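Since the structure comes first, as structure tokens, the remarks are kept for the end.
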Amino acid sequence: CSRWEEEKKEEGIKWMQLEHRGPYFVPLYEPLPEDVQFYYDGKPLKLSLTTEEIATFYAKMLDHEYTTKEIFQNNFFHDWRKEMTSEEQEIIKDLDKCDFREIHKYFVDKNEARKALPKEEKQKLKEEADKIQEEYGYCILDGHREKIGNFKTEPPGLFRGRGEHPKMGMLKKRIMPEDVIINCSRDSRIPEPPKGHKWKEVRFDNTVTWLASWTENIQNTLKYIMLNPSSKLKGEKDWQKYEVARRLKDVVHTIRAQYRRDWKSKEIKKRQRAVALYFIDKLALRAGNEKEEGETADTVGCCSLRVEHIQLHPQLEGQEHVVEFDFLGKDSIRYYNKVSVEKPVFKNLQLFMKNKDPTDDLFDQLTTTFLNKHLQHLMDGLTAKVFRTYNASITLQEQLKALTNPEDNVAGKLLSYNRANRAVAILCNHQRSIPKTFARSMQVLQEKIDAKKKQVEEAQEEVKNAEDEFKDTKDAKAEVNVEKKKKLLKRLEEQLAKLNVQATDKEENKQIALGTSKLNYLDPRISVAWCKKFGIPIERIYNKTQREKFAWAIDMAGEDFEF
């Protein structure tokens, strides 16, 4: 039996044996060399060690947009002053008088020097890193040696956050062994804390899968050390996730019929739930939990939409009943979409918006808890996220069927695959900013295309000349030459076609992030089956890390797999 299908444990029990080394703590702060100085009000000022360390966090970010933002500057200065000695607090009262440029330059130069190291030196550094990975990066779980995901604690620094995060610039403190809870099995070799330190606590809890945890000081959230995605435990969880989404396929028609009926419900609460569910199903919106104000950036999902986030157009650009969405979703990514909806949905939205201010909730009677309870009642394990997974996977499968031409060469088929993946990324609103290097790399590609076109033209000319020569001489040698020149032309034309496909792909992809859906929303068996069916090597779709994560799917799916 494969390792995906070994003996099942009792409900809720995740492992019988767990042994590991505990987290790897990032090295302690190394003071700056004597000749690298901090200046206050134009004069050099020697800082105490802690104050200097925090100054280097800010200095390293000088060329970053964050350090130009007032909220970042204020949060940083407030937290920095708290850590200063009383003498330093007396002197350093104004961030504008602080000059970090020399420190910044020191780190930039240090970085450049590291990049410029000779190959042997780089190899030595890599070997050191590999040694740490070998020692701390693996655990023994139920007799198997499994890779750990993030075995290092996060280094201290300044909090960044996504979008306009109210806490940006605050000091992220160093994690000490005294902050860390260790989880392992009773009979295992319990990890030793670093010399002179002790753990906060050691637990033996086999109903959870984490190996260590601590609370970070900015949001007061728990951080965990978990297994790597390629581990059996994570693989099984991933597989289960897609199996739940496949179960939705059998009941989705009933669910759709039900929410359509609820559009006409006597209870406004049910109507709101039904419209929200329609959006979650049709537009793959996230559920949108209530959030504490001032704790995070102001982002919303479906249930937390406000009146100001949508506009209703009875008629727009030749379509009827258009809803125009404009809001910041998870990670402050803007969601902008104009969608023609069914008439009862439009009418309901008019009703929900009546007599409300722009900042009022659109679905004022609805909470995610109420929605998810209803979903759980419709199907065991159903949540808003399952809809996203289901709609993403089904879209990929349908698009692959529609777009793949069996006659195409590998490059052509891969373009079709990426186009199908793009349809999913657009559905899920997975955007990225255009890469900084985009224009340059596009230019390089265009130059290659131009050079190749020239070669093709020359080859065409040579074929014509060879044919003329053969007409004149009817010579066997000349005939062979014609074939040779034709072969060369064909090869060059194929290369040109391949480059053109690459350019198309690159252009269509410049603002779309394919990775998120590929890793989290698309059943990998769909891609594996497609590869097997059309003879595409799997490594053209999944890189090494992804192949490790999806080993279970590569193992299981034949070319006939249907989601």
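The values are calculated or read from the model by the stated rules, or taken from the named source; none is laboratory data. Please read all numbers here as calculations on a predicted model, not as lab measurements. Note: areas computed on protein heavy atoms with side chains; ligands, DNA, RNA excluded. Shrake-Rupley method; radii C 1.70, N 1.55, O 1.52, S 1.80 Å.
List of remarks:
- Antiparallel content of DSSP bridges confined to the chain, in %, to 5: 90 percent
- Counting only protein heavy atoms and using a 1.4 Å probe, the accessible area of Asp364 comes to about 80 Å².
- Matching label, Cα extents along the principal axes in Å computed from the structure shown, candidates (1) 84, 64, 49; (2) 98, 74, 57; (3) 105, 68, 41: (2)
- Solvent-accessible surface (1.4 angstrom probe) belonging to Leu427, in square angstrom, nearest 10: 40 Å²
- Surface per residue (accessible, 1.4 Å probe) for the chain, Å²: 57 Å²
- Entry note, the chain: the mean residue ellipticity at 222 nm calculated from DSSP H runs of n ≥ 4, each adding -39500 (n - 2.57), is -16000 deg cm²/dmol after division by the residues and rounding to the nearest 500.
- The figure for Lys347 is an accessible area of roughly 110 square angstrom, using a 1.4 Å probe on the protein chains alone.
- The count of lysine pairs in segment 38-118 that are at least 8 places apart or cross chains, and whose C-alpha atoms lie under 24 Å apart, stands at 27.
- Across Ile182, Ile434, the residue with the most accessible area heads the list, and the full order at a 1.4 Å probe is Ile434, Ile182.
- For segment 392-556: rounded, prolate or oblate by the Cα gyration tensor [a/c cutoff 1.5]: prolate
- If the chain linking Thr221 and Thr369 were pulled fully straight, counting 0.36 nm for each residue of separation and taking away their Cα-Cα distance, it would gain 51.2 nm.
- Shape category assigned to segment 452-521 from the gyration tensor of Cα positions, a/c cut at 1.5: prolate
- Of Glu548, Glu70, the order by accessible heavy-atom surface (1.4 Å probe, DNA, RNA and ligands excluded), from most exposed downward, is Glu70, Glu548.
- If you take the Cα centroid of segment 92-123 and the Cα centroid of segment 317-337, the two points sit 43 Å apart.
- Candidate lysines for bridging to Lys486, where Cα separation is under 18 Å - those fewer than 8 sequence places away on the same chain excluded: Lys452, Lys453, Lys454, Lys464, Lys471, Lys474, Lys477
- In sequence order, calculated HN-Hα J values of segment 407-417 (Karplus, 6.51, -1.76, 1.60; Hz; x Gly/Pro): 7, 4, 7, 4, 4, x, 5, 5, 4, 4, 4
- Probe 1.4 Å, all protein chains present, accessible-area order of Thr51, Thr221, Thr545, largest first: Thr545, Thr221, Thr51
- Karplus-derived 3J(HN,Hα), 6.51/-1.76/1.60, for each residue of segment 50-61, Hz, glycine and proline x: 4, 4, 5, 4, 5, 4, 5, 4, 6, 4, 4, 9
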